[in-house]
Every structure is written in C-alpha cells, then in structure tokens.
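Here is the structure we will look at, set down as structure tokens.
The values are calculated or read from the model by the stated rules, or taken from the named source; none is laboratory data. Everything numeric here is computed off the predicted structure, so don't read it as measured data. Cβ sites come from the backbone with ideal geometry, for glycine too, and all protein chains shown count toward neighbours. Heads up: the accessible areas ignore ligands, DNA and RNA and are worked out on the full protein's heavy atoms, side chains in. Shrake-Rupley method; radii C 1.70, N 1.55, O 1.52, S 1.80 Å.
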Amino acid sequence: MLFSLQDNANTVLYSGLLDEFVEVLEINDPKLTDIKAATLRTLTSIIHLDRMPSFPKLNTIIDVTGASSYHGFLPVLVRSCISTLTAPNPPVPSPFPAPLATSLFSFLYHLASYEAGGEALVSCGMMESLISVVNWKGTEPDHITFVTRAVRVIDLITNLDMHAFQTHGGLTAFIRRLEVEVEECRKEQPFVISLPAPLAENEASSLTNEGSSSTSQAIVTETANIDTSELAEGDTATPSPMDTTESYSNTNTGTTAFPANDSDGIRPSTSTADVPSSSRPDYSAAKTGLSCLPQRAALVKSMLNFLKKAIQEPGFSESMRHLMEGSLPASLKHIISNAEYYGATLFLLATDVVTAYVFGEPSLLSSLQDNGLTDVVLHALLVKDVPATREVLGSLPNVFSALCLNSRGLAAFVACKPFERLFKVLLSPDYLPAMRRRRSSDPMGDTASNLGNAMDELMRHQPSLKTQAMKAIVKLLEEVCLLGSDAHYICWKTPPKHEASPAPVMRTHNDNSSDEEEDEEEEREAGVAGPSVTSGQREDVPPSETASGKKRPVPLVDYVLNVMKFVDAILSNNSTDDHCKEFVSQKGLVPLLGILGLPNLPIDFPVSQACQSVASVCKSILNLAHESGVLQRGLQCLNEKLEALAPLHEPLPSPGGSVLLRELASAPAPGEATAFPQATPLLHTLSAVHAYIMMLVHVCRTGQTEIRQVSINQWGTDLGLRVLAGLTKLYTSLVWESTVLLAFCSDDGLPAGSLFGKEDTEKLLVPDLKGEDGSRSEGIAMEVSESGGLKSIADIAGASNLEEGVTAADSPTLQQSTATQHQMKLIKPLLSSASLLGKALAELFGLLVKLCVGSPLRQRRGQQVTTPLTPPSTAARAVASALANLLHAGLSWSPPPSSPLPKFRLTFLICSVKFTKSMLFDDKKMPYHLMLQYFMSSQGLNAFFDTFEWAINGGSISSPERENFESDEFPEGTGEFLDTWLFLLEWLVNPRTMLDSPHALPLKSSQPGYQPFSPLKFLIHIQKVAFEAVMKLWNKKKAPLKSYGVRISESVLVILCNVIKSEAIIQERLTKEKEATTSGSGTLSTTGPTNVNTGASAASASVSSLVAAAAAAAESAAPQQHPAEPDVNAHHLDQLMDMGFSRDRCMEAIAQTNTLQQATEYLLLNPLDQVARVGVGEMELTEEDQMLQAIAMSLGEDVQLTNTTDSTSGGASVIQPAALKPPLPPQASKELDGEPISKATLDQFSKCVLEGCLSQLDLQPQMVYKVCELLTTCTARNGREWRDNMLSTLINEISCQAKQLLASGSLSSLETVELLCTSALASKFAVRLHLVTLLFEVSRLID
C-alpha cells in the first residue's frame, strides 16, 4: 500500500480521505473488524509519507484522529482497547480482537517515531494508559506481544514526557514486569550461577594496602575450583574435527587451546595447572537445550534496552541510584547465568545494563559486589564460555573496566585468571564466525582488532594488569607455535563462503522478530550458532585426514590472523611504546617471529593476509619502541632456515633435474605431499624463508631516518652478512630451479630423448596415467604466465588425428595429455613457490640498496642550494659489498654438468642481468654510485662482459670471434640475452645520468676505510670496454638474430652515440679536475688515491682517535697531520665546534656545504660509526650517554666511553656493526686509472661509420632514424668538413643507384615496375634517400 501511495499520491490521497478513514473506525460493527484493521494499517503507511516533502500528511492524521487531545477519538480508542485487554473478565466476543489491537498498537508505534506524533501522544496523556499495560499480569504469548509494543511506545515518548513516566511509576513497573517474565523463565530454566563466597572477600583489604596488582594465596586457593571453563553447549556432543578443545568430561586441562591426551597421543597443553575434575563447577543444569519464548525474549529485550538508556539519562539520575536495591539484580543474574537459554543478545544487554550502572554510579559498585551480581558477571564471562558473537566479544573489555573500578573488583577480576581464559576465544573454532568481518563496509571492523583496542584501554586504565596481560599474550603466541609445530595437527584453511556448504543446523535461539523493529537481521545471524556439529556433518573438513584420525585439522591460518590483529591493536592503539617494551621484556619476540617458520603452515602462507599481519606487529614494535631486537631475532630465525636449505644448493647427480621435484617425487603420495612438512621439508622451509623475507621487507620499508639506520646497522652485523650470503646462494638456486621447472612445463623445453629429470616426472604419475613405455607426455604445451602460474594452451588432438577404428578413450595421445596435465598440476606449486620467493628476494635486495645508498634530501620548491652528500656508514658499505657479491655470483654462475642445454644458462643470465639493472639504477635510470663502486671491486663488471663474450661465441669464451650472426648457429635464447645485456649497457654508458646522479658519494669523509668513487673514471672505463664490445657486433655481414635483430641494433647505435657524445664531456671534466688539483685549494681530488690514503691514515692514527670517532666528539685529542685547510669562515667554524663537534668534522662539513645551517645538518645526519676499543669489544651508547658526552665536550672536559650494552632485554640485545671490521675498501682505483678512448680510435671509427650505417640499413631499413641520430652525433664531433664529405659520399651513391634504376629502357613495362618496386636496388635507393632527407632536416647540418 505504501509503494502505491508513493507512486500515485496525487490521485489517491484526495481531500477528505483521512476523514473517511476515521469515520470507518468510528463504526461500531463487529463485522467490520478486518476492515478497521486494514484502515489502521493504511493510516500507518500514510504516516511515512511525511518523509516526502510534497505530501506531509502527519499533521493531518493527528488532527483528524484527535491524537493530541485527551478526549480525542484515537486516545479514547486506545484507552478502550487497553481496558478491554487488561480487564479481569474481558467481554466475549471482544470488541478488540487480536488483529485490530495489533494494528492499533502498530499505528501508535509508528506515530510516536516522529517528533510531532510523540508530542501528540504526550499531550493526550497516553503515558498512564501504556504503563497500565506494562503492569498487566498477562503471560500468554499474545498478551506479551501487546506489552512489548507498549514498552516500545513508552521508550519513544519518555524523552518528551519524563515527568509523567516517573509520576506513574514507570521504572517500578518495568522492573516488576521484568521480574515477572524472568520468573516465568525460571520455571523452565531454574539454573543460576551461585558462588560459595565472593571472589575477593579476603583480598580487598590487602589490595588496599599493597596495591591493586597483588593477590594473596588465599584468593588463589579459594578460587581453585573455578580454574577451568566449560563449553557453553554440547559438552557431551562429539567435538568437531577442527576443534582444538575437548569436552571437559574427557580432559584434564583448563585451557581450550590444545586437546587432551587421547588414543592418538596428542599432547595436552601446559598453559595452566591441572585441576581435579571434582573441583570444577557443574554447568550441566544450564544446558537443557531449551530457549526462551520468542515473544517473551522480545519483551525482555525491549525493557533491557530501555533500562540501559535510562541509566545513562541525567533526568533519571536520582531514581537510578536505588535501581539495584530491588529485584532487578536477581533478574539480571538469571539472564547472565543462562546465555544458552536467553540468547547472546539478551546476555549482552544484561551485561550492558550492569556496566552502564557501574559507570553511572561508581560509588555503588560495592553494593553490586555484596549482592553477588558482579561475581556472576565475571563467572559467566571467564569461567563459562562467552557467547560467540562479535558484539559480546567487543564489549568484554568495557565490562571488565567497569568491574575493576575499585580494588575489590580488581581482586575478583585477577582471581579468575582472566586473560588466559579470555584470550582462548582467539584459538577456538567456535568463535571464528564471530571474528570474521561480515562485509567490507561494516563499521564495526574486525572483531579481533576491536577486542585488542578495548583491551589496550583496559590495560591503560588499570596499569597493574599490564604485566599479566602481556604474559598471557606471550603464552597465547606460544600456543599458536605449538599448534603449528606439533606433528599431530595439520593446517585446514577455511574455504570461501561460496564453496562451503555446511550441514543445515536448526536454529535454537530466538530471533526476537517483530513488525516494529527492522534491526533484527544481525540478531538472527548471531543466533544461528546451534550445537556443535560432528565430523560427519561438516563438508568443509578434508575427509581423508579426518577419517584417518592421525592428523587433526585446525584452522591455523585463521588463528594466526586473528591473534595478530588482536596483538597489533594492543601494541599500536596508542603512539606510546610502553606496551611494546613490556612485550619485548616478556620475551614475546621469540614466539612472535617463530610463527613465521611454523612447519604446519601451508606453503602459500607468505602471500596471505595472516603473514602480513605478523609483519605489521613486528613493524609496530620497531617503529614505536625502536627495538632492533625485532630485526635481530628475525635474522636469527632466517639464518636457521637458510642453513636447513643446504641440500637445495647441491646439484643432483647425472642425469640431473630439479631438487624440489626430486623431493616431491620421492614422497609416498606426491599428490598430497605439499600439505605435509614431513614429506616435503625443503618446500616448507622455502615457504618459511619466504615468510621471513616478507616480514623483513615490510619492516625495513619505512621513511623514518632512525629506523632506516637501525635496519642497515642490523644488516651490517656478522649475522646480517651471513644471512645475505645465504640469500645469495638461495637466489641463484631459485633461479636455476625455476628455469628447470619451466622446462618441464613445456613440450619443447627439453631435447627429445633427454633423461634430464625424466625419472622424477614419471614418479608423479599414478599407474593409471602411465603409458605403455612409461614415457612422459608430449601432448600438451604449457605456458607460464608472469605471475608464475601455468596455463594449458594446447588442444587435444581431434578425431582427424586418430586412426580409423580407434576411439578417443583408447587413444595414446589423449592418455599422454591427461598424464601431462596431472604432472603440471603437481609441478605448479613448486614453480609458484620458487618464483614468488625469488620475487620477494629481489624486492628485499632492492630495498637494501636504497637503505645503503640513502634517499637524497628533498628541497623545497624554488630552493636552489647544494645538497650535502651523505657518506655511507660502515654497515651500509658492508651490505653494499655483500649485494655486489650477489650480482657477481649471478653473472658468473655456471650450470651443473648435467645441464642438457645452453638455453638454461642463457635463461639464468637473462634473469641475472635484469636483476643487476634494478640493483644498480633507480626508477629514473640514475645510478647508485655506491653500488657501482662495489660492483666494480667485486669483479662483477668483468663477469658482466664475460657473459657477453660467452654468448656471442655460441657458449664458449675461447671460441674465435664470429663474422656472421646466423640465428641458426646460436642457442635458443641468445637474442633475448643480447637484447637484455645491451639495454643495461645503454644505461651504464650514459654520461648525463652517470655524472649527474643524485646518489653520488662525497669526495672525502673521516670515516675509516672510506674511499670516494669517481663517476668520471668509471665512465671512462665502461665506455672503453663497451666500445670494444659493440664493435664485435658492428657492421657484420648478417643481422645479429631474427627475433631481436632490430632491438639489438638500436641498442648498439645508442651506445655508440653515447660514447661519441661523452668525448667532449670527459675532456671538460678532466680539465676541471686538473685545474682543481694544481690550484692547491686542498680539495680532495678524485684523480688519484693519495689524499684518500692520507685521510684514512689520519682517521686511524691511534686507538684514542678511534674511540673519539666512535663518540663523535674527541677526534682532536689525538695528534694528527692535517692536510692544508681551505679558507673557511672562522665564525662558522667556532660555532660548530662550540656544539661539541671536532675540528676535522667541522672542516669537512663546511667544505661540503655552503651555509652554517647546511653544515649543521650535515654533521647531524652523518654521525661517525661507533668503533670498538681495541681489546674491549662491542660498545653501544644510549641517547642519554650521547647527550651527556655532548654536554661534557662543550664544557671542554675529557670524555671516557664505557660499555653500556644491556644483555638483559629479553633476547633483544643489539649487535652493533661496530663489532665488525669495516669492509675492505674497494681496490678499483688502479683498474679505473687510464686515459679515455683515444681520439685516433674515434677518428678511425668516424671514417667508416657511414659504410657501417649503410650496411645496417640494407639489412634493417627501419633503423634509419637511429642511423640518422648517430651520423648527426658524428657531425657534431667532427665538424663541417666531415659533414660535407659524408653528405657528398651519400648523395653520390644515391645518384649512381638512381642511374641504374633509370637504365631500364630494354626492359618491359612489367619488368620495370618490378625493378622499381621490389628489387634490392630499389630498396637501397629508397632507404638512402630517406636518410639524406632526414639529415637535411637537422638544422645544424645545413647552417
């Protein structure tokens, strides 16, 4: 009716219609009862048209019904209805049957929902009549329904007429009615939690004197009989196979995190002490399987909602003080004691009423403790199982905060051992549905996060609980580790909603639905929990493991995700570090980082949200507490896993194959082996390494300078460098494994008849899929996508390929195709794991490069000042050296002897060259000078050019140089490798990026072992060797390779252009350096290592100077030979020295900067590395020590350094890079010494460049633009005379070819057309003509 009125309001709602409705209602005829009810429903629909501004009918309805007058039609009708319903002997037949009375009360509810309607009901004195309905003792379901509607109308109008509500005893009526309904429920469910004595009866006085954090042994003894918890329902039912708890009739443990001893030998939890079963409370009386009558539950809910709001209303403050002195506590006790009977919603409302009352009247908390209500609440929440709904779980910390407002409540809370019992919900399958977010737009967010945020507030309000809570959190993490490491468990992943089809469960809870409320959907969803289902009823549990009884599935990934969200919310809810430091002091880092390496986790765990949540917790601890122990512990765990991967680096004996595939093929059941760490230990160890890599990437990716320094310092320790060495081996092994597995996934990946890996692939087949000869299938080609997944792209042979009389089922081709598909299905997880881990490693290495190099300082817009260069620290240089060794290892790698094809090495080298490019250059093609320096010194550059020699010689460096480059003569993949190699060489020889990179190194630094890097010398060296390399590809008789010929030629031309352009730039830079060297300005020259060695010897002149460098303060205490000092601003020098910096450092800062502010920033941003005393060992200065030293030095006092390393921080002690020897300085200066490419060499090249370009154009006409660019560059170098000669030669050749094309008089017309269009001579003529046209378009060629 409402929708029709909205669509046709103009025609239907004519003037006088509402008056006619009232006239119908005034007719006193029992036969019209249904019509009257329909009329009231229509009026109810018209009320909501008030939401449409064009049709405001609410005021009209109030007028025609007389709703605002005591003697109006509607108030009289309502009072008549109420008197009839509440009469001791109602007339028969009733003038107000149920349909009419229901429609009337519904009309009142909707009328009161608008402010104007509520005011009308207040004006007519409706409050008294409605309260009389509440006082009515009717307990029939229909009677209860009318009372419920009356309560809801009262709830709406009380705010408008609070005085009338109090005058007519509304609050007393509500409490009495609640008592009546609860008494009716007691007849079905008499159980109530009863305690022999208050939980903290003997503890309140001691807590007052000793503090709220202590508890006596008497309390512990007295509450020993409540040291266990019971399942909320179904304690005699068969537990679900995904449960981690057993029924208390069969267990001897007080925690729900682990199962008890059973026939399978699963060990019990040791988190709490065993308690005799006779001392546990018996809750069997609460589990009758009954539920509250839906109508009664709806009434109780409405009254509790009203009481909850009324308690918080200031107008009820006086009457609320005595609220708990009557029967209300007894009613609340019964509701709270019987969550199974009343449902989670009523349980939550009852606890909310208690919480609101305590917060409103905190001084009366002791009275609630005296009558035992608070003890019942604690017992229901901590001893019995909490109802598994999001709302209840989210409200728990708020309830506990209210109950702990005084020392007695805090003692009772502590006596229940709350945290261990409360946190068990995070490791129980019963609570998993409540932990999940229903929809992405849900404002409540994640239940675990909300619970953690609220728990953080509780701990801050009660600081004495912090230590116990953190211990419980650490124990919770330990229990997760036990679940993930116990061989009796197997991880079971929760299937998506569209895949899960659980058995239907009958709803036992009340949905409390009514026609007045529209917010019952969530309550119904929460009430569908039902009893536990057995393994036979669950379709989302793997049947094989469940049936075998050997391994018990647990949703481990879900547990990890929920626990990490909970812990992260506690640690990072505030920006303070107190929780993080307490967590570290409780040795929480050990189980936290141990989670990433649990063997029972699935192999795809590193890419899951759960792994990301663990990394988020680690990052919160590092960022908030600056606790470097996170990185140290992570590196320790990663190092252990890397050591376990030693078999992966050992090549298989002939005929060879994949180590991962061999492990899978050796498993008893290859199809299921990836799920069991015992069957595939290497694969699961790779997964653990991947998880640690993801954590380190997430933790180290930060913009905070201090955190970046902490990260690089940890990577620069002995442990960090060992890990980098292990990751180097792992990376090369992964690239090889991926290459081999890719070959197995392609029909032409291996030569025909090759035995490489054949034995392992055959083992993957079940007997039904093996062919007669036992050979592997060749019927399906597989394509590998960029993400590492496999996709079948071949079609199964059709009927045309089958012999006559042979059916498809008998076809050996189809059998082989099925076999190949089966093999690919088993190989896919191996390839995916290897490729994803390789990608994560590349991301980590790239991040480490950025940490070593540091990010250049950003300048404000319009600020044109020279940015001071930051010298890399000792740790940064050590890490850069390790990363350079990684690049050298990849470029110099050789395949095992059993490798069947050179293509394998080419594929490996392609990956290595691409990886090298990302490690040496940033996203804007700007080189990292620090990485280039160590790349040169680690012989990586030599290895880079050796790979080129190997490739162009067809797989052998010793082979003679080839004149022709026929594609058939080279192994497959050579073209792609040359294209990748030349592309990187383009970047290396670019003079603009090389000389103007923002990632440059300073010319000098007082750090020991530091040597500057000369980009000019590197450019000279790289261009010499690059020119020699590309000359081996220049002007050859054949195109390099078919597929990549154009791209290779383009790269060669670009490299030659850069070499020729660089000649003038290099000469200009060399001239400037010579002038600076001979001027005697004292500036450190980059043309020789003389000043560098002097600075290094001065920095290490004596032990005292080393210690002073570590303190960054007293370098001048030791006598040193200073080089000639440049002219500096003496005033600036004095100011810097007054700040506590040494003279040498101040001189260095002034030389590197332009202003006093820049010099100060330089000194603050570039602290000297801490160097250990000789014979003393490791030394670490705290911030306080550094501040005291700076103050003492500013006063001219001597500074003595002491060892302040703290080894009692719970496994989080820091290993500073000062304990290491600085990395050996790069010895590349001699290699870089030399002159640039001689002028004679470039002159000789210029003489024959046109010939080479024309030969290139004859083979690849599309290269005309790049050839034009090269000739233009040569013209700019050689001048006008060379240009004129080049153009003359080119034009003469064009003229000769034109004459030959025109000399076709003896040819027929058809032959002439063919000559001019398709002949080789015509093609040469066209491309030369195009070239000369482009050359003349260049303005500087025709000036």
- Query: Only one of (1) open to solvent by less than 30 Å² (accessible area, probe 1.4 Å); (2) at pLDDT below 80 fails for Leu108. Which number is that?
  - Reply: (2)
- With the first residue restricted to segment 411-430 and required to be touching a residue at least 24 places away in the same chain (Cβ under 8 Å), and the second required to be in a helix (DSSP H, G or I) and among the polar types (S, T, N, Q), Cβ contacts under 7 Å at 6 or more apart or on different chains are Ala412/Thr374; Phe419/Gln468; Leu426/Asn562
- Query: Is segment 398-407 home to any residue that is closer than 22 Å to Ala569 by Cα, in contact with a Lys or Arg (Cβ under 9 Å, 6 or more places away or on another chain) and not small (Gly, Ala, Ser)?
  - Reply: no
- Message: Of the conditions (1) among the small types (Gly, Ala, Ser); (2) modelled with pLDDT under 85; (3) assigned to a helix (DSSP H, G or I), Ser54 satisfies every one except a single condition; which number is it?
- Response: (3)
- Query: From the list Glu640, Glu663, which residue is surrounded by fewer than 18 Cβ atoms within 10 Å (Cβ to Cβ), at pLDDT 90 or above and on the phi < 0 side of the Ramachandran plot?
  - Reply: Glu640
- Task: Sort through Ala615, Ala610 and tell me the only one that's of a type outside the set (Ser, Thr, Tyr), out of contact with any strand residue (DSSP E or B) (no Cβ under 8 Å at 6 or more places or on another chain) and free of Cβ contacts under 8 Å to residues at least 60 places away in the same chain.
- Result: Ala610
- Task: Would you mind stating whether Asp442 is at pLDDT 85 or above and among the acidic types (Asp, Glu)?
- Result: no
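Rundown of residues vs (1) closer than 23 Å to Val740 by Cβ; (2) more than 29 Å from the chain's Cα centre (by Cα), yes/no style:
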position	(1), (2)
Val879	no, no
Ile910	yes, yes
Leu932	no, yes
Met936	no, yes
Ala943	yes, yes
- Filter result for the condition that a residue is in contact with a Lys or Arg (Cβ under 8 Å, 6 or more places away or on another chain) and either among the basic types (Lys, Arg) or touching a residue at least 24 places away in the same chain (Cβ under 8 Å) (or both), over Val392, Val386, Val376: Val376
- Message: Whether any residue in segment 522-541 is assigned to a helix (DSSP H, G or I), in contact with a helix residue (DSSP H, G or I) (Cβ under 6 Å, 6 or more places away or on another chain), among the charged types (D, E, K, R) and modelled with pLDDT of 80 or more is what I want to check.
- Response: no
- Item | Residue within segment 70-80 that is in contact with a Ser or Thr (Cβ under 6 Å, 6 or more places away or on another chain), small (Gly, Ala, Ser) and within 27 Å of Val147 (Cβ to Cβ) present | no
- Note on the structure: If we ask which residues in segment 666-692 are open to solvent by 20 Å² or more (accessible area, probe 1.4 Å), of a type in the set (S, T, N, Q) and in a loop (DSSP other than H, G, I, E, B), their number turns out to be 2
- Query: Filtering segment 343-354 down to residues that are assigned to a helix (DSSP H, G or I) and open to solvent by less than 10 Å² (accessible area, probe 1.4 Å), which residue is farthest from Leu396 (Cα to Cα)?
  - Reply: Leu346
- Result of the Cβ filter at 7 Å on segment 582-594, keeping first residues that are open to solvent by 30 Å² or more (accessible area, probe 1.4 Å) and among the basic types (Lys, Arg) and partners that are at pLDDT 90 or above and assigned to a helix (DSSP H, G or I), at least 6 apart or interchain, is Lys587/Val474
- The listed residue being surrounded by 23 or more Cβ atoms within 10 Å (Cβ to Cβ), of a type in the set (A, V, I, L, M, F, W, C) and part of a loop (DSSP other than H, G, I, E, B), out of Val358, Val386, Val414: Val386
- Query: Could we say that Ser1005 is out of contact with any strand residue (DSSP E or B) (no Cβ under 6 Å at 6 or more places or on another chain), buried (at least 23 other Cβ atoms within 10 Å of the Cβ) and modelled with pLDDT under 85 here?
  - Reply: yes
- Query: Are there any pairs, at least 6 apart or on different chains, whose C-beta atoms fall under 9 Å, with the first in segment 14-41 and more than 14 Å from Ala101 (Cβ to Cβ) and touching a residue at least 40 places away in the same chain (Cβ under 8 Å) and the second open to solvent by 30 Å² or more (accessible area, probe 1.4 Å) and among the basic types (Lys, Arg), and if so, which?
  - Reply: Leu18/Lys57
- Query: What helices (runs of 4 or more DSSP H) completely inside segment 863-946 contain at least 3 residues that are at pLDDT below 95 and farther than 24 Å from Asn713 by Cβ?
  - Reply: 874-891, 902-920
- Message: Given the criteria out of contact with any Cys (no Cβ under 6 Å at 6 or more places or on another chain), open to solvent by 30 Å² or more (accessible area, probe 1.4 Å) and in a helix (DSSP H, G or I), does Arg149 qualify?
- Response: no
- Task: Starting from residues that are in a loop (DSSP other than H, G, I, E, B) and of a type in the set (D, E, K, R), keep the ones in segment 560-605 and report whichever is farthest from the chain's Cα centre (by Cα).
- Result: Lys587
- Message: When you check Ser83 against the structure, is it touching a Leu at 6+ places or on another chain (Cβ under 6 Å) and assigned to a helix (DSSP H, G or I), yes or no?
- Response: no
- For segment 572-589, state whether one or more residues are modelled with pLDDT of 90 or more and within 30 Å of Ala673 (Cα to Cα). no
